[in-house]
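> Quick one: the structure is below, questions incoming.
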Amino acid sequence: MERTRRSVLAAGASVGVVGAAGCLGGGNGGGDGGDGENSLDTGEYDCDLEEPADPDLDYQPTLGDSDAGVLVQAFEDFTCPHCATYKLEHFPTIREDYVEPGDVRYEHWDFPIPVEEAWAVPVASAARGVGDREGDEAFFEFSAAAYESQGEYSGEAIGAAAEAAGADPCPAIADAQFSAYEDASSSDKSEGESMGVSGTPMIFVDGEAVDGYEADAIAAAVDEAL
């Protein structure tokens with residue numbers, strides 16, 4: 001189940017990917033996930049999956065100073081290879097240089113295209129559930145670990161990502177099984193569409209779309225906004 005960052009990047013030529021524009025959708029990958037009908041393979045985790053009760057659909061994963069003068073919004077699809085590249089290779093620079101010093105408030109927004117229909121919303125639901133229960137840091141830790149397993153998603157992979165974030169794997173698997181946060185992801189997508197998002201990842205700095213998702217491009221936009 002181990003997947004290196006190099007292997008994630010090598011997967012970037014999959015369906016729905018068009019150069020620097022990122023993932024434009026059109027995929028319909030196979031596999032079980034998220035409809036509440038077919039149980040996920042939990043592998044080593046002995047989980048009795050029950051539909052989550054009262055998920056916080058208003059939860060928005062956020063990092064940084066809430067009073068920061070610059071807002072960065074990132075729209076992502078957990079099944080988009082370009083999103084994996086962004087989150088694993090470029091986001092850490094933005095976090096270190098701008099989020100941690102308090103210069104920007106950073107928000108994650110779901111935009112399930114989906115590149116892979118079976119997993120886009122289930123993995124997003126698992127991530128939100130982890131963040132809802134354990135906090136924003138756990139959400140972003142889960143996200144990175146999940147992206148490491150992109151292309152090999154399963155109940156067990158979701159459980160492992162939850163453990164990597166210091167969270168209980170079974171509730172995360174249940175969130176994926178029942179797509180517990182689907183309405184929140186749909187709301188995020190609607191907001192993205194109203195802002196002109198058509199592919200992922202797409203980054204906005206104070207409401208203005210960044211041309212590309214590379215750290216240098218985002219940094220330039222943030223520097224201009226500061």
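The values are calculated or read from the model by the stated rules, or taken from the named source; none is laboratory data. If you're wondering where the values come from, they're calculated on a predicted model, not measured in any experiment. In this analysis, Cβ positions are derived from the backbone assuming ideal geometry, glycine residues included, and neighbour counts consider all displayed protein chains.
> For the condition surrounded by fewer than 18 Cβ atoms within 10 Å (Cβ to Cβ), at pLDDT 95 or above and over 12 Å from the mean Cα position of the chain (by Cα), what is the one hit in Pro92, Pro55?
Criteria check complete, one pass: Pro92.
> Another question, then. Working only within the stretch 198-226, note down all residues that are touching a residue at least 24 places away in the same chain (Cβ under 8 Å), out of contact with any helix residue (DSSP H, G or I) (no Cβ under 8 Å at 6 or more places or on another chain) and within 16 Å of Tyr106 (Cβ to Cβ).
Phe204, Gly207, Ala225, Leu226
> Quick one: how many residues across the stretch 166-197 are out of contact with any Phe, Trp or Tyr (no Cβ under 9 Å at 6 or more places or on another chain) and either touching a residue at least 60 places away in the same chain (Cβ under 8 Å) or assigned to a helix (DSSP H, G or I) (or both)?
Of the residues in that region, 12 qualify.
Table: residues versus (1) without any contact (Cβ under 8 Å) to a residue 24 or more places away in the chain; (2) over 15 Å from Ser179 (Cβ atoms).
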{"position": "Ala53", "(1), (2)": "yes, no"}
{"position": "Arg95", "(1), (2)": "no, yes"}
{"position": "Pro101", "(1), (2)": "yes, yes"}
{"position": "Trp109", "(1), (2)": "no, yes"}
{"position": "Pro112", "(1), (2)": "no, no"}
{"position": "Ala127", "(1), (2)": "no, no"}
{"position": "Glu134", "(1), (2)": "no, yes"}
{"position": "Ala138", "(1), (2)": "no, yes"}
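> Out of Glu141, Glu116, report the one residue that is in a loop (DSSP other than H, G, I, E, B), surrounded by 20 or more Cβ atoms within 10 Å (Cβ to Cβ) and out of contact with any Cys (no Cβ under 6 Å at 6 or more places or on another chain).
Unique residue meeting the criteria: Glu116.
> Considering the stretch 105-142 alone, what residues qualify as being among the hydroxyl-bearing types (Ser, Thr, Tyr) and more than 16 Å from Ala172 (Cα to Cα)?
Tyr106
> If only one of Gly34, Gly64, Gly22 is modelled with pLDDT of 95 or more, of a type in the set (Gly, Ala, Ser) and on the phi > 0 side of the Ramachandran plot, which one is it? Step through it out loud before you land on a result.
Working: Gly34 fails: modelled with pLDDT of 95 or more; Gly22 fails: modelled with pLDDT of 95 or more.
Every option except Gly64 fails the conditions.
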